[in-house]
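Asker: Handing you a structure now.
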Amino acid sequence: MSFVVDHLIKIKEEKGAGYLVLIDPDKQDLSQSTDFAARADKAGVDAFLVGSSFMMSDQLDEVVKTIRGISKLPTIIFPGASSHISPYADAILFLSLISGRNPEFLIGEHIKAAPVIKRHGIEAIPTGYMLIDGGCCTSVQFISATMPIPRDKVDIAIAHAVAAELLGMKMVYLECGSGAKRSVPDEMIRAVKSHIEIPLIVGGGIRKPEEAAAKVKAGADFIVTGNILEKESELKLIQEFSEAVHNT
Ligand code: 1GP
């Protein structure tokens with residue numbers, strides 16, 4: 001069962017690249033999520049990621065249900081921990097933090113989540129999640145207690161991504177962390193992409209549509225933005241991001 005992965009791959013083939021927006025239930029309440037989802041749907045976004053490092057709000061189910069009530073686009077959980085599961089989601093990124101050496105985030109959280117995911121019949125998308133230095137200590141770095149891959153260590157990034165592919169993962173996610181000062185270097189994206197066949201997601205610290213376009217040009221198959229669109233004043237950028245990702 002891989003409806004969502006197949007759908008994402010189709011988007012990549014048809015549009016050249018896909019644009020995913022992150023909704024963090026800790027930062028966007030239900031009414032903000034409602035407005036945001038409607039706007040994203042209209043702007044031509046390809047899927048919703050829903051997740052948070054903490055999930056203090058206890059609103060995961062409600063946010064997922066709200067999005068699904070508004071949009072037919074896939075709603076995918078982007079979990080920070082094994083408890084971040086919603087039976088209402090279409091899929092979950094089954095992330096293994098392969099850039100780190102913390103067993104909890106390599107396999108520990110997974111064995112806690114797996115029976116629940118299976119019971120609810122949620123599509124799991126095995127994803128090699130790689131933290132790249134974004135110029136500051138982000139929540140994912142702090143919470144996972146892992147060291148990010150240095151920005152200039154392209155060979156290390158390639159080796160990790162290839163290992164993810166050989167391990168049978170369906171996607172690789174190059175992540176600088178939400179709110180990172182700097183996004184994943186284009187050079188690293190280019191190098192990693194030239195060594196793998198599986199789709200490449202890039203996110204963390206992307207603040208401008210032209211920055212997103214440059215990452216697509218470098219080889220990103222999917223671009224994720226979160227923070228930048230949480231500000232009401234910047235929400236208008238969603239259309240520009242969508243066009244930049246799709247028209248590069
Ligand atoms: C974080 O890649 C996502 O996991 C999005 O990052 O919030 O910095 O856009 P931003």
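The values are calculated or read from the model by the stated rules, or taken from the named source; none is laboratory data. None of these values were measured; they are calculated from a predicted model. Glycine gets a Cβ as well: all are built from the backbone with ideal geometry, and neighbour counts include every protein chain shown. These accessible areas exclude ligands, DNA and RNA; they are computed on the full protein's heavy atoms, side chains included. Shrake-Rupley method; radii C 1.70, N 1.55, O 1.52, S 1.80 Å.
Asker: For the chain, modelled as a GNM with alpha-carbon contacts under 10 angstrom, which of Val154, Val50, Val216 fluctuates the most?
Answerer: Val154
Asker: Which ³J(HN,Hα) values, rounded to whole Hz and listed in residue order, are derived for the stretch 114-126 from phi using the Karplus coefficients 6.51, -1.76 and 1.60 in 6.51 cos²θ - 1.76 cosθ + 1.60 with θ = phi - 60°, glycine and proline given as x?
Answerer: Along the stretch 114-126, the couplings run 3, x, 6, 4, 5, 4, 7, x, 7, 5, 9, 10, x Hz.
Asker: In Å², and per residue, what accessible area does the chain have when probed at 1.4 Å with the other protein chains present?
Answerer: Ligands and nucleic acids excluded, the result is 44 Å² per residue.
Asker: If amide hydrogens are placed 1.01 Å from N in the peptide plane, which non-local residues have theirs closer than 5 Å to the one on Ala124?
Answerer: The list, which skips near neighbours in sequence, is Ile92.
Asker: Next question, about the same structure. Report, by chain and number, residues whose modeled amide H sits under 5 Å from the one on Asp133, excluding near sequence neighbours (fewer than 5 apart, same chain).
Answerer: Ile149, Arg151
Asker: Only Cα pairs under 8 Å and at least 6 apart count here; give the relative contact order of the chain as a rounded whole percent.
Answerer: Relative contact order comes out at 19 percent.
Asker: Given springs between every Cα pair under 10 Å in a Gaussian network model of the chain, which of Pro185, Pro74, Pro115 has the largest fluctuation?
Answerer: Pro115
Asker: Further, regarding this structure: How about the stretch 1-106: which chymotrypsin sites (Phe, Trp or Tyr not before Pro) there are in a DSSP loop, with at most 16 other Cβ atoms within 10 Å of their Cβ?
Answerer: In loop regions of the stretch 1-106 (DSSP not H, G, I, E or B), the sparsely surrounded chymotrypsin sites (Phe, Trp or Tyr not before Pro) are Phe54.
Asker: What does the charge dipole of the chain about its Cα centre add up to, to the nearest 20 debye, if the Cβ of each Lys and Arg holds +1 and the Cβ of each Asp and Glu holds -1?
Answerer: 180
Asker: Report for the stretch 22-176 the percent antiparallel among DSSP-assigned beta bridges with both residues inside it, nearest 5.
Answerer: The answer is about 0 percent antiparallel.
Asker: Taking the Cα-to-Cβ direction at Glu243 and at Ala159 and moving 7 Å from each Cα, how far apart do the two end points lie in nm?
Answerer: With each label placed 7 Å out from Cα toward Cβ, I get 4.4 nm.
Asker: Once a ≥ b ≥ c are taken as the square roots of the eigenvalues of the Cα gyration tensor of the stretch 118-192, is the result rounded (a/c under 1.5), prolate (a/b larger than b/c) or oblate (a/b not larger than b/c)?
Answerer: Taking the square roots of the gyration eigenvalues as a ≥ b ≥ c, the stretch 118-192 is oblate.
Asker: Carbon and sulfur: what percent of the chain's accessible surface (1.4 Å probe)?
Answerer: Roughly 55 percent of what the probe reaches on the chain is carbon or sulfur.
Asker: Simple spin-label model, 7 Å along Cα-to-Cβ: Glu232 to Glu14 in nm?
Answerer: It works out to 3.5 nm between the two label points.
Asker: In debye to the nearest 20, how big a dipole does the stretch 133-248 give about its Cα centre with +1 on each Lys and Arg Cβ and -1 on each Asp and Glu Cβ?
Answerer: Approximately 120 debye in magnitude.
Asker: Let a ≥ b ≥ c be the square roots of the eigenvalues of the Cα gyration tensor of the stretch 79-206; is it rounded (a/c under 1.5), or, if not, prolate (a/b larger than b/c) or oblate?
Answerer: Prolate, since a/c reaches 1.5 and a/b exceeds b/c.
Asker: Okay, moving on. Kindly state, to the nearest 0.05, the FRET efficiency for Leu106 paired with Asp35, given R0 = 41 Å and r defined as their beta-carbon distance.
Answerer: The formula returns an efficiency of 0.65 here.
Asker: Which of Val172, Val116, Val140 moves the most in a Gaussian network model of the chain with Cα springs under 10 Å?
Answerer: Fluctuation is largest for Val116.
Asker: Quick query: amide H of Gly18 versus all other amide H atoms, modeled in the peptide plane; which residues come in under 5 Å with a sequence gap of 5 or more or a different chain?
Answerer: Placed amide hydrogens put Phe222, Ile223 under 5 Å from Gly18.
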